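These notes concern the structure reproduced below.
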Amino acid sequence: MPATQKPMRYGHTEGHTDVCFDDSGSCIVTCGSDGDVRIWEDLDDDDPKSISVGEKAYSCALKNGRLVTAVSNNTVQVHTFPEGAPDGILTRFTTNANHVVFNGDGTKVAAGSGDFLIKIVDVMDSSQQKTFRGHDAPVLSLSFDPKDIFVASASCDGSVRVWQISDQTCAVTWLLLQKCNDVINAKSICRLAWQPKSGKLLAVPVDKSVKLYRRETWTHQLDLSDSAISQSLNVVTWSPCGRYLAAGSINGLIIVWNVETKGCMERVKHEKGYAICGLAWHPTCGRISYTDAEGNLGLLENVCELSDKASSSKVSSRVEKEYGDLFDGDDTSDTDGFLEDSAVEVSSFPKGTVNDEDDDDLMVASSRPRQRGHFLEDDENSVDGTVLKSALLKEEEEDLAGSLQDLPPVTSQRPLWDGPRPTPRQRPFQSGSTPAHLTHRFMVWNSVGIIRCYNDEQDNAIDVEFHDTSIHHTTHLSNTFNYTVADLSHEAVLLACESSDDLASKLHCLHFSSWDSSKEWMVDMPPHEDVEAVCLGQGWAAAATSALLLRLFTVGGVQKEVFSLPGPVVSLAGHGEQLLIVYHRGTGFDGDQCLGMQLLELGQKKRQILRGDPLPLSRGARLTWLGFSAEGTPCYVDSAGCVRLLNRGLGNTWTPVCDTREHCKGKSDHYWVVGVHENPQQLRCIPCKGARFPPTLPRPAVAVLPFKLPYCQTATEKGQMEEQFWRSVIFHNHLDYLAKNGYEYDESAKSQAVKQQQELLMKMLALSCKLEREFRCVELADLMTQNAVNLAIKYASLSRKLILAQKLSELAVEKAAELAAAETEEEEEEEEEDFRQKLNAGYSNTATEWSQPRLRSQGEEDAEDRAAETEEHPELPKHGQSLFSKSANASDVPAIKSGAVTPSNQGRVNPFKVSANSKESARDANPPRSTNILDSMSKSSRKPSAASRAASSEKSPVIKPLIPKPKSKQVSAASFFQKRASQAEKTEGVKEENPKDAPPDAPSACPPNPEAASPGAPAACPPNPEAQRPKTGFQMWLEENRSNILLDNPEFSDETDIIKEGMTRFRVLSAEERKMWTHKAKGGAAGHGVEAEKRKRVGDECHKEDQEEAAEENLHLPKKQKPADPPADQKLSAFAFKQA
């Protein structure tokens, strides 16, 4: 059976780390470059005792209750063990001591330093010192001869020396190592070791093998090597029996040999490949503790546990004592007969029941009972075959020989299992708690408050503290039942304890928000069922038990549903109506946990969101925190420091949003998470220096870390904007969840998030335009809202990227069609269930509801139409305003106030074409869809009556996209910017068509008010002069500044260029100036008379307002009449969209 390698754990800061066992093997002692010595009861000890010995500790040794350390202040110090009290300084050097070792009886300490000296000091009297000089470089390591005759040393000068202690002379020198000038530059620290007890062999790690030299003759006895060794060996150590030798390499390989057979017994690879710099063999069993150069501590178990039992050296003292106790009082009796009648049989030593410390010491049992005296005759030299034979009776010798022949031959090499190894399951834990074995610990720390537990000689109590004291005051509770897990919410405190021999496991709830006087309840679990994890939600409590059950209770104590868990629970978390369960869904391998997750909603409609999906974890990591953000999004943290958040917008996947290790200053530092907030984006945690969790006193301070998604190339502008955009999307998904489930939420936060996201998309689109990545621009535009796409088209037109503008216009048409379809679907739902409109607060239920403006009802449109006046040119609507108007009459044409694209099932209107056939109606025509955005644009914001539609149907434009029209370009521009007048509004503009060029049956426009009518006006007028459109402020500004534009741009010969330049200049005007021009456009006769006089298009001034308008109408168009319009792509670049 191969050795078991337990997962490594953090011990010290990065740097050289040393390790040793105490005399009994009950504790592991380590020291590191953080200057601390830590005493571990086991590898799973989450709270080792720490002794600060200096700034750095290079080596430690422990014997007879005295702990000796080599410290960075050039001293060798002594501390008591396990108290850790300082007990003086043994010796000093001029530089750091690199290695310290005890002799066999613990009376002397040898220390080697960087000043080339070796000192042997008496522990009881430090004045008794011996100094050894001879090395020409810093000393790397030392080893005492078990018989206290010699001491061996290795140095950076490349030599290994053996010194005779009595006369302080060098007995032998071997040049084996590579020379270097300091320990940090040494290829290997060459931790050599003498064979225990006899001291016959000295093991020296040299390059990729271990050289063994025989005592006194100092001859090279043999080499131990293996094909798996690819880097230099760093350290060696012997087993207590002296039969096995372990070595660690600088690339993390640990090899164990049987010295007698030269066979490799174990090969273990460090999980991360760090250099092994410390090895210690347990004094009584097959366990090896090791440390690496990064400060981590590891443990190997069952090392050589089942190997070569037939040649064991002796019977253990424990077995001998058991037989001594069994036959007390019979020692003087005949030893030949006291074990007759098979008092001790072969079955008394079953193979599977021998413990670890006896594995290497028991002989193979023969088929006949052995007498007690023969056991007692074995001594420590019984490893030799001749001594063993002389100690046994002749017949027993024959039986033993026969039994040995029946055993399979001992192989020189144990088979190595290279497959995956199962990972021990993670124990259940409560998020926000520290280990349960601590006397002072946090039972929970969350966004509501803190629960502390004190369990010492003076007090056994629990303190409950609330962050907001208005919820409840601080509470002090007695802990008579030894509660181990707890949770805290705004309603209650939930406690649970394990079962004992006398008491069952209990669930205790303090419902402090109850309105009655009974605020506590307690439930006993069934026999043999312990509560392992608890959590609280809104009005409910949950407890997961060792029977793989999850029990639900109301916060008042009513038992609710009980259901089975698919595996042993790891942790629970609750928020509102949501319950999050993490459990073991299988066995993990190679250090990975195999966890599953369930997410349930416990509201009126109970449902399961996540159905046992695997929980993603970092390689070799375990779950350390599980919970919800303050806004209700599930999230968790693993031991690698990775924070993951549930992305509801991507099919409930998990997205890493922060790596706390990036914020740690050292590898030994960690962040202990206590809360997650999405708005503002904050990760609240406690920094822990040199530990994984904080102490209870002094009260730790909470730090705030930012979130950052692991996107590529975040150092570039593109990568930063991509990361910011998607982080904003992920961290605002909770708004959709809250709206969908009827919770209150901040609408301004949603509007601000959408605005921020669209700004980032526009910046990325501008950057892609500069980089000539037009295809990427279309991809970015696909993520935009309708209004942002309009601005993108305008930007592409101004950048003279006509192909891009055309592609974006096609995308805009598709988006408009999707919006219209969603609008129709929503109206149908509203007709079926009218209350949905109030429930959803005006938002659709589509997946893209964040990017869609709220749709207004027909009543809102009509009310706005009655209150609105003619404006210069409409601005893009803000978030939440309507882009589309739907009429109850199917013959009405939908209109877009912002100039955005809208599809119409009655046909689209081309603003550049007025029908030559006055009797053809655009509403009756339904031509094939055009891909140009301008062909589907309409500027009307009012809905005329039936009578007005009948009168104006002759003037409706005909859909002929992308075909030049024989009409005035100025008329085209005016038709784009003008609005249709409602029946109730007085017409203040002048029609810009020349009556001479109008069709014979086209009616003349006249005001609907008889009192304002001119005597010279036509007698017959339609009921609603819809075709008569007023001028806008931009038209008046353009007419006044046309000469300036032509003066600055003499190359302009096309009306399109003039209007385009005019639109650019008009946009840069302040809001007050544009408003002034709008008022001028509404100014009536006086304003129109000034315009006519400035343009010199009217011969003399008229005396009445209607005569001035008629004169301007008759004289205006003939001067600007041109045979044909420019191509449609020029119109696209000129009139794409107006500024928002």
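The values are calculated or read from the model by the stated rules, or taken from the named source; none is laboratory data. The shown structure was predicted, so the numbers you read here are calculated from the model rather than taken from an experiment. Methodologically, a virtual Cβ is constructed for each residue, glycine included, from the backbone with ideal geometry; neighbour enumeration extends over all protein chains shown. In case anyone asks, the SASA skips ligands and DNA or RNA and just uses the protein heavy atoms, side chains included. Shrake-Rupley method; radii C 1.70, N 1.55, O 1.52, S 1.80 Å.
Tell me the net charge near ASN73. Cut-off is 10 Å between Cβ atoms, ASN73 excluded, with +1 for each Lys or Arg and -1 for each Asp or Glu. Kindly include the intermediate steps, with their values, before the conclusion.
On the way: positive: LYS56, ARG92; negative: GLU55.
That works out to +1.
How many times 2.2 N^0.38 Å is the alpha carbon radius of gyration of region 408-558?
1.35
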Diagonalise the Cα gyration tensor of region 189-244 and give the resulting equivalent ellipsoid semi-axes, square root of 5 times each eigenvalue, largest first, whole Å.
19, 13, 10
Treating only the Cα positions of region 39-86 as identical point scatterers, give the base-10 log of I(q)/I(0) from the Debye formula at each q in 0.23, 0.25 Å⁻¹.
-0.86, -0.97
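What is the sum of charges, Lys and Arg at +1 and Asp and Glu at -1, for the other residues whose Cβ falls under 15 Å from the Cβ of VAL160?
+2
Going by a ≥ b ≥ c, the root eigenvalues of the Cα gyration tensor, does region 1-145 fall in the rounded group (a/c under 1.5), the prolate group (a/b larger than b/c) or the oblate group? Show your work: numbers first, answer last.
Numbers: a/c = 1.67, a/b = 1.57, b/c = 1.07.
Here region 1-145 falls in the prolate category.
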If a/c stays under 1.5 just call it rounded; otherwise compare a/b with b/c (prolate if a/b is bigger, oblate if not). Do that for region 707-842, with a ≥ b ≥ c from the square roots of the Cα gyration tensor eigenvalues.
oblate
Separation of alpha-carbon centers, region 148-185 and region 204-243, rounded to whole Å:
16
Taking θ = phi - 60°, what integer Hz values does the Karplus form 6.51 cos²θ - 1.76 cosθ + 1.60 yield along region 417-431, in sequence order, with x for Gly and Pro?
8, 9, x, x, 10, x, 9, x, 5, 5, 6, x, 8, 9, 4
Region 531-545 - phi-based ³J(HN,Hα) in whole Hz, Karplus 6.51/-1.76/1.60, Gly and Pro as x
6, 10, 7, 9, 7, 10, x, 7, x, 8, 9, 9, 9, 9, 10
ASP590-LEU610 pseudo-label distance in nm [points 7 Å out on the Cα-to-Cβ vector]
2.4
Note the full-extension length gain between LEU549 and THR169 as 0.36 nm times their separation in residues minus their Cα-Cα distance, in nm to one decimal.
129.5 nm
Can you give the extra length, in nm with one decimal, that the chain gains between THR261 and SER26 once fully stretched, where that is 0.36 nm per residue apart less the Cα-Cα distance?
81.5 nm
Give the span of region 555-671's Cα atoms along each principal axis, as three whole-Å numbers ordered largest to smallest.
49, 33, 31
Please give the FRET efficiency for GLU772 paired with GLN713, using the beta carbon to beta carbon distance and R0 = 22 Å, rounded to the nearest 0.05.
0.70
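Give the dimensionless ratio obtained when the Cα radius of gyration of region 234-305 is divided by 2.2 N^0.38 Å.
Working: Rg = 11.3 Å, N = 72, 2.2 N^0.38 = 11.2 Å.
That ratio works out to 1.01.
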Let me see the P(r) profile for region 658-781: every Cα-Cα distance counted, bins of 5 Å, each bin given as a percent of all pairs.
2, 9, 14, 16, 15, 13, 12, 10, 6, 2, 1, 0
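Could you give the length gained on full extension between ASP746 and LYS667, defined as 0.36 nm per residue of separation minus the Cα-Cα distance, in nm? Before the final figure, lay out the partial values.
Details: separation 79, 0.36 × 79 = 28.44 nm, distance 4.05 nm.
Length difference between fully extended and current span is 24.4 nm.
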For the pairs LYS763/LYS1060; LYS750/LYS815; LYS750/LYS1075; LYS208/LYS262, flag any whose C-alpha to C-alpha distance is greater than 27 Å.
LYS750/LYS1075
To the nearest 0.05, how large is the calculated FRET efficiency for SER799 and GLU779 if R₀ is 22 Å and r is the Cβ-Cβ distance?
0.80
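All other residues with a Cβ under 11 Å from the Cβ of CYS31 taken together, and with Lys, Arg as +1 and Asp, Glu as -1, what is their net charge? Spell out each step's value before the answer.
Values: positive: ARG38, LYS56; negative: ASP18, ASP34, ASP36.
Surrounding charge for CYS31 is -1.
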Give me the Å³ per residue figure for the convex hull around the C-alpha atoms of region 463-528.
96
Alpha carbon convex hull of region 173-218, volume per residue in cubic angstrom
82
Residue-wise, which Karplus ³J(HN,Hα) couplings in Hz belong to region 127-144, taking 6.51 cos²θ - 1.76 cosθ + 1.60, θ = phi - 60°, and x for glycine or proline?
6, 7, 10, 10, 10, 10, 10, x, 6, 10, 7, x, 7, 8, 7, 9, 8, 7
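Got a number for carbon plus sulfur as a percent of region 37-190's accessible area, 1.4 Å probe?
On the way: 2870 of 6340 Å².
The C+S portion of the solvent-accessible surface of region 37-190 is 45 percent.
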Cα coordinate range in region 651-697, projected on the principal axes (Å, largest first)
40, 23, 17
Once both label points are put 7 Å beyond Cα along the C-beta direction, the ASP223-LEU503 separation in nm becomes 6.7
